[in-house]
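The values are calculated or read from the model by the stated rules, or taken from the named source; none is laboratory data. Fair warning: this is a prediction, and the values are worked out from it, not measured in the lab. Virtual Cβ from ideal backbone geometry, glycine too; neighbours counted across all protein chains shown. Side chains included, ligands, DNA and RNA excluded: accessible areas come from the protein's heavy atoms. Shrake-Rupley method; radii C 1.70, N 1.55, O 1.52, S 1.80 Å.
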Amino acid sequence: MATTRSGPRIGTAKVSIVGVGSVGAAVAYACLLRGTANTIALFDTNAARVRAEVLDLNHGTQFTPACRIEGSDDISVTANSDLVVVTAGAKQKPGQSRLDLAAANVAITQSVTPRLLAESPDAVILFVSNPVDIVTAAAIAVTGVDDGRIFGSGTVLDSGRLRYLIAERAGMAIENTHAFVVGEHGDSELALWSGASVGGIPIDSYTVDDRVVFDARTRADIFHEVVRSAYEIIQGKGATNLAIGLSTARIVEAVLRDQRRVLPVSSLQTGIHGMRDVCLSLPTIVDAGGADRVLEVPLSEDEAAGLAESAATLHNVQKSLGL
């Protein structure tokens, strides 16, 4: 029987969100709508922005599950949090890769994470800032907290994009499609097609009118759309925020409700598939203590090689930043 790790008290949870730009505000809004926490605290160095977001959210609380919303440009507003979501950092601009943001956002991470733990020593900290794998590694390195309490949102949203596109092609509800994107949350990520299924049918066996729906070309087209979709959204409206808000709220709930849900979050790898000393995404049990056990899902030869390449990409960036 699985043992429950220490974590938040269900029903009295406080979630703090660090950085209230478009992503932080979307996370707060999604958590409010879903009744994720009893208290949501916003922290940002832009006092006027924090006040505006707090007012805007509070004005809608008549129409949501009960929740106290507060905010400040003083980090003490995050004190006694059960979970802290970090979205602070430079924003990805059109034409930039997530890794282009590494140096600036690592510096922010190294500064803010110890301060957050000083205010909430037992909190789980979830990083959403990009490049999420690198900033998660930086946070673990600067604090020495390597037990899964610090982890990243990883490829949860990427996997959602993949499942959406599979469902569209299959003409089926997204809840009946299953597939993971793993590795870097970025250009070197990969889809685990060997384990993907539609309605319980392996994806390479799924047919309609005796026609294979997901042939190699179709799978390649779908995955290209997964990888490039964030760039398209950024080009069109300046930021991706709504879907990451919803997916982050889902991760938060897995922690606060101790759900032991399998999600492809980014955590410090300790040997699965030969991955060590790098943060990247693999299917992981998420519970009250954060990122728990990483599952050693079967990989094809090509998938194993792709994962190793993704890990090498991240290792090289970590090395260049002294992590």
Applying a 10 Å radius around every beta-carbon, put 240-247, 112-119, 281-288 in order of their mean neighbour count, most first.
281-288, 240-247, 112-119
Tell me, what is the FRET efficiency for Ala118 and Asp146 to the nearest 0.05, using R0 = 22 angstrom and their Cβ-Cβ distance as r?
0.75
Helix-only mean residue ellipticity at 222 nm, the chain, DSSP H runs n ≥ 4 weighted -39,500 (n - 2.57), per residue, nearest 500. What is it?
-13000 deg cm²/dmol
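Run the numbers for Asp73 and Asn46: contour at 0.36 nm per residue of separation, minus the present Cα-Cα distance, in nm.
Length gained, Asp73 through Asn46: 9.1 nm.
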Total charge dipole magnitude, the chain, about the Cα centre, Cβ charges on Lys, Arg, Asp, Glu only, Debye to nearest 20:
720
If you take the beta carbon distance between Tyr231 and Thr12 as r and set R0 to 35 Å, what does 1/(1 + (r/R0)^6) give as a FRET efficiency, to the nearest 0.05?
0.30
Could you work out which residue, out of Asp187, Asp209, Asp302, moves most in a Gaussian network model of the chain, that is, has the largest mean-square fluctuation with Cα springs under 10 Å?
Asp209
With label points built 7 Å along Cα→Cβ from the Cα atoms of Lys319 and Ala103, find their separation and express it in nm.
1.9
Give me the extension gain from Ala90 to Ser205: residue separation times 0.36 nm, minus the current Cα-Cα distance, reported in nm with one decimal.
37.1 nm
Give me the extension gain from Arg276 to Asp56: residue separation times 0.36 nm, minus the current Cα-Cα distance, reported in nm with one decimal.
74.8 nm
Need one number: nm distance between label points at Asn80 and Val212, each 7 Å from Cα along Cα→Cβ, rounded to one decimal.
6.0
With all protein chains present, how much of the accessible area of the chain (probe radius 1.4 Å) comes from carbon and sulfur, to the nearest whole percent?
50
Under 25 Å from the Cα of Lys319, which lysines turn up, not counting those fewer than eight places away in the same chain?
Lys91, Lys93
Charges on Cβ only, +1 for Lys and Arg, -1 for Asp and Glu, centred on the Cα centroid of the chain; of Val112, Ala216, Ile251, which one is farthest towards the dipole's positive end?
Val112
Rounded to 5, the percent of DSSP beta bridges in the chain classed as antiparallel
50
Dividing the Cα radius of gyration by the Kirkwood radius, what Rg/Rh value follows for the chain?
0.96
Between the modelled labels at Ser111 and Met172 (7 Å from Cα along Cα→Cβ) the distance in nm is 4.9
Averaged per residue, what accessible surface does region 100-219 expose to a 1.4 Å probe, in Å²?
40
Excluding residues fewer than 8 places away in the same chain, name every one of the lysines whose C-alpha is closer than 23 Å to that of Lys14.
none
